Amino acid sequence: MQLSDQHTHVCPALVAALLLTLCAGARAQDPQMTETSAGYTPAISGGAGYIHNVDGGITSLSPQINPILLVPFGSHVLLESRTDFNGFFERKDQTSGPFTGKVFKTVEFAQVNWLANTHVIVTAGRYLLPFGLFGERLEPVWIRNLQDSPITANIGTRTSGSADGFMLRGVAVQRPFYSIQYTSYFSARSSINELQAARTAGGDASIYLTHAHLEIGTSYQRFLQDHQINSVATYISWQLPSIPLDIKAEGDYSYNGRGYWIEPAYRLQELPVPAFFRRVQIVGRMQQFFPTNGGGNNLPTVNSQRVDFGLNYYLRDDLRFISSYGRRFSSQGNANVWNVGFTYRFLFPLWPGRAK
């Protein structure tokens, strides 16, 4: 019942966890036992969703499907790729007329990961920029609690949210009470269709406190083309051990502005209420943005604030209905923002298991 929470908590080490699990599973087999196993089986994962959005009285429809291909080569190499198919449809005259639009295809990542040892994973290819919490961990439709991205989500993710190059990441220190994770990367400039990327370099580091379920981290990026700028993020992710409350917060700074967001999400599963209501998740988000040097680069040009409130209902761990209401405030005008829809998470092997 807490699939989305688990993903946001472990995504920085998702690749390492998968590879280590595959390796450990192979080593833990007892040669005296007969069992059925899929071995290192390729799989298709990902999610799908449909969002009905009303922003300032203008309605848009956004169906999407985001398949992920996972192909392990033994216990140390993993090929993974995600392609997003996102539809966007609006009324011809914004508030009247038939809906028109198109489906956009984007290759979010297509990378090869090599588990060199317990502390280093080497990644080559196209990968998501590891900046802050949202882009790499919370962006997929089946993970995010609120479907609209934070105002500051464009900081540190220029130009496409993805990078073309190399990345090193892993767990630098592992102790019973804490662990320290790190990431460093370099991206080349690319204008190739579906593979657009900027020339950037940067890194991320965080400490995870095991018993408190608390992660504190920071990201740094240097944008190395055109007008060279620095971007910095600090963030926390806290899943309280005693109650089903998940708190995430991030502060971002760049040449074009600075801002923050904080998002608590609470599940009713432990309250003394009828079983129907225990599947409800209550979400809130408060955020502000303050432009500098005129803003721009897909960031507001005036001071902006927004408050969101959401209710999500989990029919199953992999299927939920989502709804939210937000109010946007700025000198350019205030507006209400509504979202309703559903998300679905899927995972299945590309061929069935085999007897060993």
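A few notes on this one:
- Which numbered condition Arg327 misses (of (1) surrounded by fewer than 14 Cβ atoms within 10 Å (Cβ to Cβ); (2) more than 26 Å from the chain's Cα centre (by Cα)): (2)
- Taking the range 102-122 as the range and being in a strand (DSSP E or B), open to solvent by 50 Å² or more (accessible area, probe 1.4 Å) and free of Cβ contacts under 8 Å to residues at least 60 places away in the same chain as the test, the residues that pass are Lys102, Val103, Phe104, Val112, Trp114, Asn117.
- Identity of the residue in the range 273-293, open to solvent by less than 50 Å² (accessible area, probe 1.4 Å) and farther than 17 Å from Pro150 by Cβ, that ends up modelled with the lowest pLDDT: Val273
- Glu136 satisfies every condition listed in (1) at pLDDT 95 or above; (2) part of a helix (DSSP H, G or I); (3) of a type in the set (D, E, K, R) except (1).
- So Gly74, is it of a type outside the set (S, T, N, Q), touching a residue at least 12 places away in the same chain (Cβ under 8 Å) and buried (at least 17 other Cβ atoms within 10 Å of the Cβ): no
- Test: residue in the range 232-243 that is assigned to a strand (DSSP E or B) and within 19 Å of Tyr325 (Cα to Cα): no
- Members of the range 330-356 that are under 18 Å from Ile58 (Cβ atoms), part of a strand (DSSP E or B) and open to solvent by 40 Å² or more (accessible area, probe 1.4 Å): Asn336, Trp338, Val340
- Of all residues in the range 201-216, those satisfying the criterion of being in a strand (DSSP E or B) and either among the small types (Gly, Ala, Ser) or over 20 Å from the mean Cα position of the chain (by Cα) (or both) are Ala201, Gly202, Gly203, Ala205, Ser206, Leu209.
- Per-region count, the range 61-94, residues touching a Gly at 6+ places or on another chain (Cβ under 6 Å) and either over 22 Å from Val340 (Cβ atoms) or outside any strand (DSSP E or B) (or both): 2
The values are calculated or read from the model by the stated rules, or taken from the named source; none is laboratory data. Small disclaimer: the values here were computed from a predicted structure and weren't measured. Because the Cβ atoms are built from the backbone with ideal geometry, glycine has one as well, and the counts that use them run over all protein chains shown. The accessibility values were calculated without ligands, DNA or RNA, using every heavy atom of the protein model including side chains. Shrake-Rupley method; radii C 1.70, N 1.55, O 1.52, S 1.80 Å.
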